Ligand code: GPW
């Protein structure tokens, strides 16, 4: 470092004691200043929401300080950085998470108390940031938290949607979607950077120009849109490091518009200009299904192009030799959604930085890695060639060129095996010629990661078998994880306190392996007593929430049995509902003496269906229809209740998970790539009723089969069972409950017919009929265990104790070391 740079940096750090103070008086003053000057209310009169706004702004100030220091420090050290590209980040609320990670939670609570406010109440004022669909999007959010906490020099990049995931409203048992215009009340957690913006091009033509005796390609765009940065500081826990999640919003571009104003039609010119903003207007709600939509393609390219420009500008600020690019940049693609980054980097290096194709290709092969989150080939993204050629003509050429070289390499390796060539080609010939984004990613990334061990097995032997034979060294897995900061510390303070007390330390918040220490105390009567108490308080809180949302009173003495996740046929919410019908039917036909032995249950289901996913919507309706019958049947009383929690989202999950006794993860084996909900329940001491699928297989290794309720066909049995399904005899009980639905016991028999047809006979692709009997056995085992509360509590403690391996800290550490090649870079205090 130069002497001057060092002197400046030293001065910077010597000024550190000038930071905002966190004593009660300073906090109160800051909050009141924000009431007066930011929220523009009188400091003598403001309500809870205004108090929330003021508190958030004071927290934001503290985030900004650290975020500036972190970036100044990263700039000075200039380490290799990770750029994490994802089209979805499901952040949820930020206030509680921020004050906890900043280490000022108690200080804020005290300061607010003296002002006559309760921190918890204010935190409830915050809306959810729902910039994503499901597990994939929440995983990105968890990983950002871990990257910050572990001091990695990382950036997140994504899109700033004006409308997040739709709000689910239930009318007469049917799902309706309402727009989530979440920015209505302002968003204190983002920082608008009007001066950080880039032009993004679309459409147009590619022309050839002479350059130094050779030819160069020039893309003459037909449309230009401006990408403006919105920065979201992500604070680490137990560190000063606060990294950045940069989301792009589309704005009209001045550059491009000049000529349209010359035409005289001023009003239309303005209206057309405004259309640019639609690119970042709405999140696509179809988790795992892609339909080759133009707007979706534009969204993907828009965020990729702005991010790549940003990265290259940052690189050039410090170095100007692209040979060193791979030493400074790792680029991680979250699924194939951002895979246009690959041809985009090629285009920029070749067309704009004038590197040779070979130089550019060598760089691309060193910087990109990707993660795949799916198991079925149908789930893979394809873009019609016509569409891509129209929106991104130069990128299509580049993809064709990459594919040409790839095909040559394949021929050398496998000979003229046309079958194989056509299967592996990036270009799919057929009725609609398209680009296979997964193939593009595999060809260009140095590493392809699966999200659990069994997921990698399936990728190697089925989905990407040919690629695995060609490049076995490319394929790896990192088992998913979730952040204990949000899923324990923020959402379950009671249990946290207990864990720290019995471990004698709260160091587990940064080192989850320490939770194993709880195993020594699992049998301790005192801990068990305290554990039960904490869990009971959480159940009461959940019962109150259910009452508020649905008007239903449920008893905290009952077993709370929960399934919350996106509604999908493969996740088998239908199996759960059929099991509930079976239970209902049993209770109805019972003698009075047997009824007394029934373990009362509250069955809780929640989740959204993609708006165009008919079967999923029928499952939601069936849940309501069955609930209507059971909940109003006076024979049943408190022995069984079925609750559907509407509008499931991150903050609802934070409330439901700590209050659950049993949670269901019951996908057909071989279909859930990983699953992350199970990990959140596990941490909170909730027992799992599950199939051996995805990450559950690894959970079993950690806590043992005896500590959960396992059932159903195994991954390797599924294909054979499917072949046999046609003449397979299903359990009698299965036929019986299905008959009840078909015969209109719950009404709407015409509407439910296709749902019933989808699981009967040879059509039962997800093997509900096959797994039903063993599902019921597992449920019976859960009842039996629940009666013995001592045993149950011990299992619960052992679940938490065994959850350390499923912290996203572990996942991110493995990625950093094995895939990205980055090192921690800790901002000094
Ligand atoms: F289809 N996942 C998701 F693979 O939430 F792209 N949305 C998606 O669109 C896809 C996957 C995709 C989920 C997986 O279903 C789940 O098993 C996994 O735990 C999660 O991604 C995070 O890896």
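Each reported figure results from applying straightforward, stated rules to the coordinates on display, with no laboratory input. Keep in mind that what you see is a predicted model, and the values were worked out from it rather than measured. Neighbour counts run over all protein chains shown; Cβ positions are idealised from the backbone, glycine included.
Structural remarks
- FRET efficiency, 1/(1 + (r/R0)^6) with R0 56 Å, evaluated for residue 106 and residue 319 via beta carbons: 0.80
- Neighbour counts of other Cβ atoms within 10 Å put 817, 568 in the fewest-to-most order 817, 568.
- Relative exposure of 461, 336, judged by other C-beta atoms within 10 Å (fewest first): 461, 336
- Peptides 300-312, 790-802, 581-593 ranked from most to least packed by the mean count of surrounding Cβ atoms within 10 Å: 300-312, 790-802, 581-593.
- Counting 0.36 nm for each residue step from residue 501 to residue 206 and taking away their Cα separation leaves a gain of 99.6 nm.
- Debye intensity ratio in log₁₀ form over the Cα atoms of the stretch 504-806, taken at each q of 0.10 Å⁻¹: -0.54
- Considering only the Cα atoms of the chain, their convex hull presents on average a projected area of 39.4 nm².
- Paramagnetic reach from residue 521 in the stretch 474-504 [backbone N under 15 Å; point 7 Å along Cα→Cβ]: 494-504
- Dividing the convex hull volume of the alpha carbon atoms of the stretch 378-521 by its residue count gives 169 Å³ per residue.
- Working from label points 7 Å from Cα in the Cα-to-Cβ sense, the residue 826 to residue 723 distance is 5.7 nm.
- When shorter helices are ignored and each DSSP H run of at least 4 residues is given -39500 (n - 2.57), the per-residue value for the chain at 222 nm works out to -14000 deg cm²/dmol.
- Mean Cα-pair separation over length for the stretch 504-806, i.e. relative contact order, pairs under 8 Å, 6 or more apart, %: 23
- Cut-off 17 Å (backbone N to label point 7 Å along Cα→Cβ of residue 80), residues of the stretch 424-449: 445-449
- Estimated inter-spin distance, residue 7 and residue 742, nm [label 7 Å along Cα→Cβ]: 8.8
- Alpha-carbon centroids, the stretch 367-398 and the stretch 701-753: separation in whole Å: 36
- Euclidean distance of C-alpha centroids, the stretch 522-551 and the stretch 587-621, integer Å: 22
- The separation of the stretch 781-829 from the stretch 623-689, counted between C-alpha centres, amounts to 21 Å.
- Residues 289, 500, sorted so that the one with the fewest Cβ neighbours within 10 Å comes first: 289, 500
- Highest to lowest packing among 207-218, 99-110, scored as the average C-beta count within 10 Å: 99-110, 207-218
- Inter-label distance for residue 223 and residue 397, nm, one decimal - labels placed 7 Å from Cα along Cα-to-Cβ: 2.1
- Segments 120-133, 653-666, 176-189 sorted - mean Cβ within 10 Å per residue, highest first: 653-666, 120-133, 176-189
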